[in-house]
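Q: Could you have a look at this structure, given as structure tokens, before my questions?
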Amino acid sequence: MAKFKYLFIFLFAAFISACSTTKYLAPGQKLYDGGEVKITDKENTTKAEDKALSTDLNTLLRPQPNSKILGLRFKLWVYDKTQTKKVRGLRHYLHTHIGEPPVLVSAVDLDKNGKILQNRLQNESYFLAQINGDTVSKKKSLISKAVYSIQTGPAYHYNKIVFPGAKDNDLDTAVAGTANQTLLKVGDKYNLDVIKAERIRIDARLKERGFFYFAPEDLIMRYDSSTVGGHKVDMFVTIKPSTPDQARWIYKIRNIYVYSRYSLRDTSVNPDSATQYRWYHVIDRRKTVHPYVFKNTVLLHPGDIYNRTEHTNSLNRFIELGPFSYVKNRFDDVTPDSPFLDVSYYLTQYKKKSLSAEIIARQTSANYDGTQFNLTFKNKNTFKGAELLSVTAFVSTDKQFGSYHNGYDVYQFGIQPSISWPRFISPFNFTTDNAFIPRTVLTTGYTYIDREKLYTLNSFNASWGYQWKPNLYKTNVFNPIEITLVDAANVTQLYLDSIHKTHNPTLAHVINNQFTIGPTYSYTYDNSGDSFRTNTMYYNSKVSLSGNLYGLITGADTLAGKVRKLFGETFDQYVKLENEIRFFHKLGPNSKLATRFMVDVGVPYGNSTILPYTQQFFIGGPNSLRGFQARSIGPGSYYPPSTVTGASEFLPDESGDIKIEANIEYRPKLFSIVEGALFFDTGNIWNLRPHTGLPSSAFGKNFLSEFAGDAGFGLRFNLTVLILRTDFGFPLYEPSQKTFGVVDGVNYDDAKWRGANMVFNLAIGYPF
């Protein structure tokens, strides 16, 4: 406990020192401690409204007081303690970069702040609001604060909302047609921000109907409270009389031009050299891109009424094609007798070929940390159809760190060629009209895996599939064919001896040859990138099949001795379903609650009695149950006997056909780039059927009693380019031992206790 005493003494000394920041003030000066808004009018506002208004109004007060860390003005203390006349050196740097000059009460303009608060209240329906500001401080105190007492007065509500009547005038009729979805509702409070949003909403609707030159400023939102009693207002949505004729016209598209190889130096291109393809013209004298490439990109058509959504979607699709780094567009008003627009798209191309190298830090699901070197060649327009050819050669090394180090080093090298077409290549005609280009992707790959002193594997893979996004949040990936072949090239005698001595089927399963062939489909919904939402979620579901149709045709049945082969290899047969949902809830501007729930099930049948090792599920480790070593839990309540973990010094990678996992994590921002975490994890894996050598590993009615559990805490260092994560986890319940790991005799000072119960994880990125 001596260490804690020293820590307490240090913190106490820092507190006393930081509290002395006022002694550097000049005579008559007082330190500003911030402002406070007090709503004294209890008749016209509820408690909830008081809280919301106070929170909003406090953000408007200026200046901001000196920042605090744990209640201490640390930056001000640094500023005071490092004052120097020098213009360089550590003291000067701390004074100018870390320190913060004192914010004095004399810098507070009570009258100006009062007018700002009154203006905000009037914009939020409190037309009669009155503000009174004053500074207050305790007797003989050198610290003072500003207090603003507010009488809000009654809130004004909408009595009626009046839109223009439908007339022969196209613009009046169009504005009237937007009334059904108005943001202004009878009975709601008057709110200027909502009124501004309503003008933008109406403008957006009109842009979908051809009013190309219309702008939100062409609308007048006029309210009248003089003819209505009871603190109510009538709101009139009208069009400015000065709105120009162009803004009143509905525009149509005449011609569409695509300059597919445009640069700022190229001033001689003109529509006369255009090649017409279907409904658009392509200008490309060097013929660098086939004209058909843009048939899924140019969504506007001659004769169409201008539509802003189709226009912006076209711009996004030009970028998504791949070969183009920049897209500029121009609309030319070519109105003869009726309003028409010519549309031109100017595309600046990337360099066609590129070669890049990168060194990355990575982490595997087996708690291995390592580095990987990638050398990637790309051709962004391989066959002049905007195809992306990518060939990546890589080499990597992985080692286990942390509280456990039972795994041998892993070395890998390989090559991964792939080609992507910005369209569906299929006998069926699939079309989409949103902002995202559908793709056809062919991938292949070879990886050589060397697990030091144990075995080497050759892994081949290939797939053909389609990717498309219905909108920003949804992603679909369908691979009609996906092939994986894993072959054990070399197995050491050490590994074979361990299998013989332990009779552990898991060790043998790792080096079994695997051949999977079949379709996969995955669906993802993700809005977690929307920082403005209080609640966000991520959901992924994936279905994988292997050998299903061929197994049924050939009558494959391993249990009946009918083992079938394809291309001379025994193929695996299974159905696999994976589901993962993450839910994030903002508790405040600097804290979040993150949760995750996973249910994965694989059903081997016919030609297989167990899922191939590469398709099985694992649990434990830095991105799973962080109080346990990676892949050390389960299946079920099975635990490797001492013949496996002791005599042979092997800890097998435990795997299963079923996985259930749940996690919850509290993520507060502590200071600067440092974030904290408190977490709880639970879950396990199981085999679908009992297996010899793996007692208590099958899924059964008592599966809930076999959930492992852990808890812990951690730090995250947000370095912008990556997040470095450290987690300390300790087991609460181990299903194989049927004991609670830390309930009896918690002793953080005991190194043996920490070594037996705490797991340190070093990782990159959030666990989920």
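Q: For the structure I just gave you, tell me whether Thr364 is within 30 Å of Ala763 (Cα to Cα), open to solvent by less than 50 Å² (accessible area, probe 1.4 Å) and at pLDDT 85 or above. First the steps, then the outcome.
A: On the way: within 30 Å of Ala763 (Cα to Cα): yes; open to solvent by less than 50 Å² (accessible area, probe 1.4 Å): yes; at pLDDT 85 or above: no.
Spelling it out, it is not the case that Thr364 is within 30 Å of Ala763 (Cα to Cα), open to solvent by less than 50 Å² (accessible area, probe 1.4 Å) and at pLDDT 85 or above.
Q: Considering only the range 533-546, I want to know if a residue exists there that is in contact with a Gly (Cβ under 9 Å, 6 or more places away or on another chain), over 25 Å from Ile481 (Cβ atoms) and either open to solvent by 70 Å² or more (accessible area, probe 1.4 Å) or not in a helix (DSSP H, G or I) (or both).
A: yes
Q: Tell me, please, whether a residue that is over 28 Å from Leu559 (Cβ atoms), in a loop (DSSP other than H, G, I, E, B), modelled with pLDDT under 90 and in contact with a Phe, Trp or Tyr (Cβ under 7 Å, 6 or more places away or on another chain) can be found in the range 635-647.
A: no
Q: Given the criterion open to solvent by less than 50 Å² (accessible area, probe 1.4 Å) and of a type in the set (Asp, Glu), identify the matching residue among Asp111, Asp172.
A: Working: Asp111 fails: open to solvent by less than 50 Å² (accessible area, probe 1.4 Å).
So the residue among Asp111, Asp172 that is open to solvent by less than 50 Å² (accessible area, probe 1.4 Å) and of a type in the set (Asp, Glu) is Asp172.
Q: Which of the residues spanning the range 118-132 are crowded, with 21+ Cβ neighbours inside 10 Å and in a strand (DSSP E or B)?
A: Listed by number, the list holds a single entry, Ile131.
Q: Let me ask something else about it. Taking the condition aromatic (Phe, Trp, Tyr), at pLDDT 95 or above and on the phi < 0 side of the Ramachandran plot, does Tyr326 pass? Steps first, answer last, please.
A: Details: aromatic (Phe, Trp, Tyr): yes; at pLDDT 95 or above: no; on the phi < 0 side of the Ramachandran plot: yes.
Criteria not met by Tyr326.
Q: Oh, and also: Restricting to the range 497-518, what's the tally of residues that are assigned to a loop (DSSP other than H, G, I, E, B), out of contact with any strand residue (DSSP E or B) (no Cβ under 6 Å at 6 or more places or on another chain) and either without any contact (Cβ under 8 Å) to a residue 60 or more places away in the chain or open to solvent by less than 40 Å² (accessible area, probe 1.4 Å) (or both)? I'd like the intermediate steps shown before the answer.
A: Keep residues of the range 497-518 that are assigned to a loop (DSSP other than H, G, I, E, B), which gives 503-504, 511-513.
Of the ones still in play, those that are also out of contact with any strand residue (DSSP E or B) (no Cβ under 6 Å at 6 or more places or on another chain) are 503-504, 512.
Those left that are additionally either without any contact (Cβ under 8 Å) to a residue 60 or more places away in the chain or open to solvent by less than 40 Å² (accessible area, probe 1.4 Å) (or both): 504.
Selection size over the range 497-518: 1.
Q: I want to confirm something. Restricting to the range 56-89 and keeping residues that are modelled with pLDDT of 90 or more, open to solvent by 30 Å² or more (accessible area, probe 1.4 Å) and under 33 Å from the mean Cα position of the chain (by Cα), which single residue is farthest from Leu104 (Cα to Cα)?
A: Asp56
Q: Return the residues of the range 547-586 that are among the aliphatic types (A, V, I, L, M), in a strand (DSSP E or B) and touching a residue at least 40 places away in the same chain (Cβ under 8 Å); say none if nothing qualifies.
A: Of everything in the range 547-586, those that are among the aliphatic types (A, V, I, L, M), in a strand (DSSP E or B) and touching a residue at least 40 places away in the same chain (Cβ under 8 Å) turn out to be Leu566, Ile581.
Q: Same structure, new question: Mind checking whether some residue in the range 698-713 is touching a Lys or Arg at 6+ places or on another chain (Cβ under 7 Å), of a type in the set (Gly, Ala, Ser), modelled with pLDDT under 90 and farther than 30 Å from Lys453 by Cβ? Give the steps one after another, and end with the answer.
A: Of the residues in the range 698-713, the ones touching a Lys or Arg at 6+ places or on another chain (Cβ under 7 Å) are 698, 710, 712.
Of the ones still in play, those that are also of a type in the set (Gly, Ala, Ser) are 698, 712.
After this cut, where a residue has to be modelled with pLDDT under 90 as well, the list is 698.
Narrowing further to those that are farther than 30 Å from Lys453 by Cβ: 698.
Yes, the range 698-713 contains a residue that is touching a Lys or Arg at 6+ places or on another chain (Cβ under 7 Å), of a type in the set (Gly, Ala, Ser), modelled with pLDDT under 90 and farther than 30 Å from Lys453 by Cβ.
Q: Just checking, which of Tyr93, Tyr158 is open to solvent by less than 20 Å² (accessible area, probe 1.4 Å) and either without any contact (Cβ under 8 Å) to a residue 12 or more places away in the chain or of a type outside the set (S, T, N, Q) (or both)? Walk me through how you get there before you give the answer.
A: Details: Tyr93 fails: open to solvent by less than 20 Å² (accessible area, probe 1.4 Å).
Unique residue meeting the criteria: Tyr158.
Q: Residues to consider are Tyr257, Tyr280, Tyr262; find the one that is at pLDDT below 90 and either closer than 23 Å to Phe211 by Cβ or surrounded by 15 or more Cβ atoms within 10 Å (Cβ to Cβ) (or both). If you could, list the steps in order and put the result at the bottom.
A: On the way: Tyr257 fails: at pLDDT below 90; Tyr280 fails: at pLDDT below 90.
After applying the criteria, what remains is Tyr262.
Q: Could you grab me the full set of residues in the range 36-55 that are free of Cβ contacts under 8 Å to residues at least 40 places away in the same chain, open to solvent by 60 Å² or more (accessible area, probe 1.4 Å) and not small (Gly, Ala, Ser)?
A: Step one: of the range 36-55, the residues free of Cβ contacts under 8 Å to residues at least 40 places away in the same chain are 42-43, 46-52, 54-55.
With open to solvent by 60 Å² or more (accessible area, probe 1.4 Å) added as a condition, the list becomes 42-43, 46-48, 51-52, 55.
Answer for the range 36-55, where residues must be free of Cβ contacts under 8 Å to residues at least 40 places away in the same chain, open to solvent by 60 Å² or more (accessible area, probe 1.4 Å) and not small (Gly, Ala, Ser): Lys42, Glu43, Thr46, Lys47, Lys51, Thr55.
Q: Tell me, please, whether a residue that is in contact with a helix residue (DSSP H, G or I) (Cβ under 7 Å, 6 or more places away or on another chain) and modelled with pLDDT of 90 or more can be found in the range 516-536.
A: Filtering the range 516-536 for residues in contact with a helix residue (DSSP H, G or I) (Cβ under 7 Å, 6 or more places away or on another chain) gives 516, 518.
Next cut, modelled with pLDDT of 90 or more only: 516, 518.
Yes, that holds for at least one residue.
Q: Sticking with this one: Just a yes or no: is a residue in the range 606-620 crowded, with 24+ Cβ neighbours inside 10 Å, part of a loop (DSSP other than H, G, I, E, B) and among the aliphatic types (A, V, I, L, M)?
A: Looking through the range 606-620, at least one residue is crowded, with 24+ Cβ neighbours inside 10 Å, part of a loop (DSSP other than H, G, I, E, B) and among the aliphatic types (A, V, I, L, M).
Q: Over 20 Å from Ile481 (Cα atoms), open to solvent by 20 Å² or more (accessible area, probe 1.4 Å) and of a type in the set (Phe, Trp, Tyr), is that true of Tyr550? Let's see the steps before the verdict.
A: Details: over 20 Å from Ile481 (Cα atoms): no; open to solvent by 20 Å² or more (accessible area, probe 1.4 Å): yes; of a type in the set (Phe, Trp, Tyr): yes.
For Tyr550, the condition - over 20 Å from Ile481 (Cα atoms), open to solvent by 20 Å² or more (accessible area, probe 1.4 Å) and of a type in the set (Phe, Trp, Tyr) - is not met.
Q: Right, something else. Test Thr267 against the criterion of being out of contact with any Asp or Glu (no Cβ under 9 Å at 6 or more places or on another chain), at pLDDT below 90 and open to solvent by 40 Å² or more (accessible area, probe 1.4 Å), and give yes or no.
A: Working: out of contact with any Asp or Glu (no Cβ under 9 Å at 6 or more places or on another chain): yes; at pLDDT below 90: yes; open to solvent by 40 Å² or more (accessible area, probe 1.4 Å): yes.
Yes: the conditions hold for Thr267.
The values are calculated or read from the model by the stated rules, or taken from the named source; none is laboratory data. The shown structure was predicted, so the numbers you read here are calculated from the model rather than taken from an experiment. Note: ideal-geometry Cβ built from the backbone for every residue, glycine included; neighbour counts use all protein chains shown. These area figures cover heavy atoms from the full protein model, side chains too; ligands, DNA and RNA do not enter into them. Shrake-Rupley method; radii C 1.70, N 1.55, O 1.52, S 1.80 Å.
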